[in-house]
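Q: Here's a structure for you.
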Amino acid sequence: MAVSVNVSRFEGVTMAPPDPILGVSEAFRADTNDLKLNLGVGAYRTEELQPYVLNVVKKAEKLMLERGENKEYLPIEGLAAFNKVTAELLFGADNSVIQEGRVATIQGLSGTGSLRLAAAFIHRYFPDAKALISSPTWGNHKNIFNDARVPWSEYRYYDPRTVGLDFDGMVADIKAAPDGSFVLLHGCAHNPTGIDPTPEQWEKIADVIQEKNHIPFFDVAYQGFASGSLDADAYSVRLFVRRGFELLVAQSYSKNLGLYAERIGAINVVCSSSDAGTRVKSQLKRLARPMYSNPPVHGARIVANVVGDPNLFNEWKQEMELMAGRIKNVRQRLYENLSEKDKSGKDWSFVLKQIGMFSYTGLHKAQSDHMTDKWHIYMTKDGRISLAGLSLSKCEYLADAIIDSFHNVD
């Protein structure tokens, strides 16, 4: 006869804290106020604040249906056509690293999965190395390195006095790190601050990384989506490649093609020789196999169709310009509303100097809580807002909330 057990074997499992970003959306959905705004999650919305499926994505999917493509397993490294176009998009098709076969590219589960695979690679082949991440950074970066058991420390990045880049602090901390560290850099549109180094500053960052024999590790989640130009947004990565670095780059197509739910991205490792590239790729595949076996095909085919077809590719670039342009317009309107309504003389120009989907408002946790409690504006507690979730018609309301929270909450 079975003995009934009242105490669960899982009694020692504690409740996990809510995700700081995804938890914002859960709280937003529970709010019944008509004025509510969700500026927490980084997903593009139309001016009517509706999700947007790109026209080129619909056309690529139509092509896939017409061809009657099957659902067979992909190889561990992913779809060959995707891996080819994603590396060319990132580095430039005529780049010597592509021509000489020095890039190991593996299709990953969007940016997060690609970062996680790379972190596992670092843990296995560089067990004594440390990762350096910006302060602040995207919240999941720390989780990824923690779970991969890669020790990390932070380098200074955000300067609250100027709501800008603490460049001297950044360089000093990279210089002070143990030689051979992996320096995680945001290729463009830094998340959460929206503050990017200038081209001259990127050169100096490259100098100190070279001097310290560090390995650059780029996270590129917004190529083409930040400025509207694929080439401009790849500047930092291509600079480091041009200077001869071996480096890692994680890519995501969640933002620039709106493929959030398809989980499509890649990890690229630039090596000094094609032989090293072949060996690195073999070990990335070896790591991927017990993690998820092989990646999904649908998003990979969409990217391969869009980037590989000249007509669709040009149409995609136009759609990216429209998306980036809408966010720039919202950023401009928010700045104008803040400047007009705030009579204190505070300089709000940092809003215009930031780039991409996010704006770092400079609001601290209590002020961010006030934004939610009084104004029904949902955002992460570090003061980051997603401008992609804002419409021109809501800018004035947001400006009122920011001014109230900034001046009236200590």
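The values are calculated or read from the model by the stated rules, or taken from the named source; none is laboratory data. Predicted model, so just to flag it, every value in this text is computed and none were measured. Quick reminder, even Gly has a Cβ in these numbers, built from the backbone with ideal geometry, and neighbours come from all protein chains shown. Ligands, DNA and RNA are excluded from the accessible area calculation, which covers all protein heavy atoms including side chains. Shrake-Rupley method; radii C 1.70, N 1.55, O 1.52, S 1.80 Å.
Q: I'd like the orientation of helix 199-211 relative to the chain: the angle between its Cα long axis and the longest Cα principal axis, in ° from 0 to 90, rounded to 10.
A: Around 50 degrees separate the two axes.
Q: Something else now. Which three numbers, in whole Å and largest first, are the semi-axes of the equivalent ellipsoid of the stretch 1-52 derived from its Cα gyration tensor as √(5λ)?
A: On the way: eigenvalues 330, 31, 26 Å².
Largest first, the stretch 1-52 gives 41, 12, 11 Å.
Q: If you wrap a convex hull around the Cα atoms of the stretch 151-309, how much volume per residue is inside, in Å³?
A: Details: hull volume 22.9 nm³, N = 159.
Once divided by residue count, the hull of the stretch 151-309 is 144 Å³.
Q: Under a cut-off of 24 Å between alpha-carbon atoms, report the lysines in cross-link reach of LYS285, not counting same-chain residues fewer than 8 places apart.
A: LYS71, LYS84, LYS130, LYS142
Q: Quick one: pull the percentage of alpha-carbon pairs in the chain with a separation above 39 Å.
A: That fraction is 21 percent.
Q: Would you kindly give the portion of the calculated P(r) for the stretch 35-80 that falls above 18 Å, as a percent of all Cα pairs? Write down the numbers at each step before the final one.
A: Numbers: 595 of 1035 pairs.
Roughly 57 percent, once rounded to a whole number.
Q: A further question on this structure: So what is the orientation-averaged projected area of the stretch 251-410, using the convex hull of its C-alpha atoms, in nm²?
A: With the hull built on Cα positions only, its mean projection is 13.5 nm².
Q: Still on this model: Taking every alpha carbon pair in the stretch 61-126, what does the distance histogram look like in 10 angstrom bins from 0, in percent?
A: Cα pair-distance distribution for the stretch 61-126, in percent: 17, 38, 34, 10, 1.
Q: Mind grabbing the accessible area of TYR125 for me, 1.4 Å probe, Å², rounded to tens?
A: Counting only protein heavy atoms, the figure is 90 Å².
Q: While we're on this one: Is there a quick way to get the dipole size of the chain? I mean about its Cα centre, with the Cβ of Lys and Arg at +1 and of Asp and Glu at -1; what is the value in debye to the nearest 20?
A: Magnitude of the dipole: close to 880 debye.
Q: For SER153, SER393, SER282, give the ranking by accessible area with the largest first, probe 1.4 Å.
A: My answer, sorted largest first, is SER393, SER282, SER153.
Q: Which whole number of Å³ per residue matches the convex hull of the alpha-carbon atoms in the stretch 1-126? Each step should come with its number before you reach the end.
A: Numbers: hull volume 41.3 nm³, N = 126.
Normalising the Cα hull of the stretch 1-126 by residue number yields 328 Å³.
Q: Also, quick follow-up: Where only protein heavy atoms count, and the probe is 1.4 Å, what is the accessible area per residue for the stretch 1-155 in Å²? Kindly include the intermediate steps, with their values, before the conclusion.
A: Values: 9130 Å² over 155 residues.
Per residue, the stretch 1-155 has 59 Å² of solvent-accessible surface.
Q: Whose amide H sits under 5 Å from the amide H of LEU109, counting only residues 5 or more places off or on another chain, with H placed in the peptide plane?
A: It is SER114, by chain and number.
Q: Starting from the stretch 1-104, pick out the GluC sites (Glu not before Pro) whose DSSP state is loop and whose Cβ has at most 15 other Cβ atoms within 10 Å.
A: The qualifying sites are GLU11, GLU47, GLU48, GLU69, GLU72, GLU100.
Q: Quickly estimate the mean residue ellipticity at 222 nm for the chain, helices only: each DSSP H run with n ≥ 4 gives -39500 (n - 2.57), and the total goes over all residues, rounded to 500.
A: The per-residue figure over the chain is -14000 deg cm²/dmol.
Q: A further question on this structure: For a protection proxy built on the mean count of beta-carbon atoms within 10 angstrom, sort 254-262, 305-313 highest first, please.
A: Most protected by this proxy first, the peptides run 254-262, 305-313.
Q: Using a 1.4 Å probe over the heavy atoms of the protein chains, calculate the carbon and sulfur portion of the accessible area of the chain as a whole percent. Please report the intermediate quantities before stating the final value.
A: Working: 9740 of 18920 Å².
Summing carbon and sulfur atoms, their accessible area is 51 percent of the total for the chain.
Q: Of the DSSP beta bridges with both residues in the chain, give the percent that are antiparallel, rounding to the nearest 5.
A: 50
Q: Would you mind giving the three semi-axes, in whole Å and largest first, of the ellipsoid equivalent to the stretch 339-379 according to its Cα gyration tensor?
A: For the stretch 339-379, the semi-axes come out at 20, 15, 9 Å.
Q: In addition: Can you give the angle from 0 to 90° between the axis of helix 55-67 and the longest principal axis of the chain, with both taken from C-alpha atoms, to the nearest 10?
A: 30
Q: What do you get when you divide the Cα radius of gyration of the stretch 116-168 by 2.2 N^0.38 Å, with N the number of residues?
A: Ratio of Cα Rg to 2.2 N^0.38 Å: 1.31.
Q: Moving on. Nearest 10 degrees is fine. How inclined is helix 298-308 to the longest principal axis of the chain, computing both from alpha carbons?
A: That helix lies at roughly 90 degrees to the long axis.
Q: Report the paramagnetic label zone for PHE126: residues of the stretch 188-221 whose backbone N is under 18 Å from a point 7 Å from Cα along the Cα-to-Cβ axis.
A: 205-220
Q: Please work out, to two decimal places, the log10 of the ratio I(q)/I(0) at q = 0.14, 0.19, 0.30, 0.31 Å⁻¹ from a Debye calculation in which every Cα of the stretch 194-253 carries one identical scatterer.
A: Rounded to two decimals, the profile gives -0.39, -0.71, -1.42, -1.45.
Q: Multiply the residue gap between ALA27 and PHE10 by 0.36 nm, knock off their C-alpha separation, and tell me the result in nm, one decimal place.
A: Length gained, ALA27 through PHE10: 3.3 nm.
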